[in-house]
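Since every read-out is calculated from the coordinates, none of them should be taken as a lab result. As the structure is a prediction and not an experimental result, all values here were calculated from the model. Here the Cβ positions follow ideal geometry from the backbone for every residue, glycine too, while neighbour counts run over all protein chains shown.
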């Protein structure tokens, strides 16, 4: 295990912190004329030509594999489950955004198929969900839940069942209507506080988005079709090529995990090695 030193933190700062990679967003009861003098100290911050690293060589998988991290003291009898794979970079109005619309009835809402199955029907968990996450780098599609150890294998079976079912059959007309209504109404509540507004403006600045990108997203949600969503489910969900990561007591769960049909469970230590 590598021990982080003060010199490591300083070296990271020198390499990646500089004005060309920095934006300042201010939201509040203050004018531009009032705030700029308070930020004048930033004019002394000299650029050094730092750049964010290029990352490539992401691993690919030709079959689903289970990884297990032994944690005997994690709530004693609980397992943390993460299921997913590497997907796309963030984009505000393209495939990434549309994939999250597609995911909404699968695992993006309390009333989603995954949560209704694992929480309401089976009672395995307080909540289960799935989502697409991304930034300037490709991010994951992930599904997650915290469950009792004795239903770890059963939970994975239900996760995979729901993902495969949605991949094969797609969205229903009722789910499509609910998705559109819910996403449009929910978005209105996301910009009420100063914190919300700062994050919204920061996202525009950081990702160089058009000022009307929210209006463009609203238009996409309103007009996306069942056929488009079903096509996304076919290409963006990969039920046969996933990484399943479980953190829990291996003495309680490993034997059952190996009966799921995904081959020998690969154990990792807590540093991921």
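Run the helix sum for the chain: -39,500 (n - 2.57) per DSSP H stretch of 4+ residues, divided by residue count, reported at 222 nm to the nearest 500 deg cm²/dmol.
-12000 deg cm²/dmol
For the Cα atoms of the chain, what angle does the longest principal axis make with the long axis of helix 152-169, in degrees from 0 to 90, nearest 10?
70 degrees
State the antiparallel share, in %, of DSSP beta bridges confined to the chain, rounding to the nearest 5. Intermediate values should be presented prior to the final figure.
Numbers: 19 of 28 bridges.
Of all bridge pairs located within the chain, approximately 70 percent are antiparallel.
Which three semi-axes in whole Å describe the equivalent ellipsoid of segment 40-111, each the square root of 5 times a Cα gyration tensor eigenvalue, listed largest first?
Rounded to whole Å, the semi-axes are 35, 23, 18.
Output the peptides 243-256, 48-61 sorted from most to least packed, where packing is the average of other Cβ atoms within 10 Å over each peptide's residues. Display every interim value, and only then the final one.
Working: 243-256: 18.5, 48-61: 8.5.
The packing order, highest mean first, is 243-256, 48-61.
If you wrap a convex hull around the C-alpha atoms of segment 72-219 and split its volume per residue, what is the figure in Å³?
Roughly 143 Å³ of hull volume per residue.
In percent, how large is the relative contact order of segment 65-268, given Cα pairs closer than 8 Å and 6 or more residues apart? Spell out each step's value before the answer.
Details: 333 pairs, mean separation 83.5, N = 204.
Relative contact order of segment 65-268: 41 percent.
For segment 198-273, report the translational diffusion coefficient in µm²/s to the nearest whole number, using Stokes-Einstein at 25 °C, 0.890 mPa s, and a Kirkwood Rh over Cα pairs. Don't jump to the answer; show the numbers that get you there.
On the way: Rh = 17.3 Å.
After rounding, the answer is 142 µm²/s.
Determine by what factor the alpha-carbon radius of gyration of the chain differs from 2.2 N^0.38 Å, reporting the quotient.
Details: Rg = 22.1 Å, N = 273, 2.2 N^0.38 = 18.5 Å.
So the Cα radius of gyration is 1.19 times the expected 2.2 N^0.38 Å.
Against the longest alpha carbon principal axis of the chain, how many degrees, from 0 to 90 and to the nearest 10, is the axis of helix 226-236 turned?
For helix 226-236, the angle is close to 80 degrees.
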